[in-house]
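Student: Mind having a look at this structure? Questions to follow.
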Amino acid sequence: MNGDALWTIGELARRTGLTVKTVRFYSDQGIVSPADRNPAGHRRYGPEAVARLELVRTLRELGLGLPAIRRVVERELTPADVAAAQAEAIDLQIRVLRLRRAVLGAVARMGSTPEELTLVHRLARLTEDERGRLIGEFLTGVFGGIEDGGVGGGGRFAAVARSLTPELPEEPSVEQVEAWVELAQLAGDAGFRALLRGLAEAEAAEAAGTGLPRPGLAVAVRELAGPAVAAGVEPGSAEAAAVVAVLVERYGRCCAGAVPGDAGAVRDRLAERLGAMADPRRERYLELLAVVNGWAAPESWAAEVDWAVRAVA
């Protein structure tokens, strides 16, 4: 190679658009080696150094560190290997950024305290196994020991528990992450767990009173209160009283043996059950569950339950 094809560090820097300091660093690291030295010992670089430095700059812009760059320029890694690894790394960064955005969005909406921020972030970062344990403990607290000895017993409540289990996909949307965080907070709410436990125990006790399969109270409310709500019937009207009489009679037959037979006791028990059913957290859990699992939004019966609560009271 003749002298006309060799350049000083300064000339090489100008040809590559890098700083002299950067070129010297890569040379000191052995990424780019001088082709020769002049009589004074100054390094001189040939055309291969230009090509190497252009490759190094491209790899740096893609986010590679020095060890990976060294392996590429030494041909231990092919460009295809680098592209595949970087694509995977970018996918991971996207998932992390999506998670951070979801956490920040949840915090902004809730006006969280520093303690709540820590909780929200922890819930969003749980692994699949950790999420499973959290929900498993919640559902066991709600249904465990009722009717068939636990959530895994295969009975009626085991099926209900399965239907209430959220399954966050491997690559969730922002909305799914936000829904999961809120749902997990509900699952950790001791008051909400006690509410659902009471509803499950009441249903089990009422079913045991007849020993026969029967539609649940929710079905009766929908069938009887639904038309009244649609027709604009006022809860305190005479027309509403007729609907309530049918509802009380039907509920009394459903829970025969679990509730004293007089109409007053049945109505009091019915009012208590309806009040628990009207808790907005119950419907909110179902809404969040649908978002997390990618299901269609559940049909809301809040208006019918609220009407029944006011009509029976």
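The values are calculated or read from the model by the stated rules, or taken from the named source; none is laboratory data. What you are looking at is a predicted structure, and each value in this text was computed from that prediction instead of being measured. Every residue, glycine as well, gets a Cβ built from its backbone with ideal geometry; the counts of neighbours run over all protein chains shown. Side chains included, ligands, DNA and RNA excluded: accessible areas come from the protein's heavy atoms. Shrake-Rupley method; radii C 1.70, N 1.55, O 1.52, S 1.80 Å.
Student: Give the Rg (one decimal place) followed by the Dmax (whole number) of the stretch 1-75, computed from C-alpha coordinates and expressed in Å.
Tutor: 12.1, 39
Student: Over the stretch 1-75, give the accessible area per residue in Å² for a 1.4 Å probe, as an integer. Don't jump to the answer; show the numbers that get you there.
Tutor: On the way: 4590 Å² over 75 residues.
Here the per-residue accessible area is 61 Å².
Student: Then there is this: Which translational diffusion coefficient, to the nearest whole µm²/s, is obtained for the chain from the Stokes-Einstein equation, given a Kirkwood hydrodynamic radius over C-alpha pairs, 10 °C and 1.306 mPa s?
Tutor: D, rounded to a whole number, is 63 µm²/s.
Student: Here is a follow-up. Give the dimensionless ratio obtained when the Cα radius of gyration of the stretch 1-140 is divided by 2.2 N^0.38 Å.
Tutor: Rg over 2.2 N^0.38 Å, computed on Cα atoms: 1.71.
Student: Let me spell out the model: positive unit charges on the Cβ of Lys and Arg, negative unit charges on the Cβ of Asp and Glu, origin at the Cα centre of the chain. What dipole size does that give, in debye rounded to 20? Don't skip to the end; give the middle numbers.
Tutor: Numbers: 37 positive and 43 negative charges, 294 e Å.
For this selection, approximately 1420 debye.
Student: List, largest first, the extents of the alpha carbons of the stretch 158-313 along their principal axes, each in whole Å.
Tutor: On the principal axes, the stretch 158-313 reaches 54, 36, 26 Å in Cα extent.
Student: Additional query: Any chance you could list P(r) for the stretch 253-313, counting all Cα-Cα pairs in 5 angstrom bins from zero, rounded to whole %?
Tutor: For the stretch 253-313, the pair-distance distribution reads 4, 17, 20, 16, 15, 12, 9, 5, 2, 0.
Student: Please compute the net charge surrounding Ala245, taking Lys and Arg as +1 and Asp and Glu as -1 over other residues with Cβ under 12 Å from its Cβ.
Tutor: Charge balance near Ala245 sits at 0.
Student: Once neighbouring chains are kept in place and the probe is 1.4 Å, which whole percent of the accessible area of the chain is contributed by carbon and sulfur?
Tutor: Values: 9510 of 17380 Å².
Carbon-and-sulfur percentage of accessible area, whole number: 55.
Student: How fast does the stretch 62-104 diffuse by Stokes-Einstein, in µm²/s, taking the Kirkwood radius from C-alpha pairs at 25 °C and 0.890 mPa s?
Tutor: Details: Rh = 11.6 Å.
D, rounded to a whole number, is 212 µm²/s.
Student: Okay, moving on. Scan the chain and report its longest stretch carrying no trypsin sites (Lys or Arg not before Pro) that are both in a DSSP loop and have at most 14 other Cβ atoms within 10 Å.
Tutor: Counting at most 14 other Cβ atoms within 10 Å as exposed, the longest clean stretch of the chain is 126-313.
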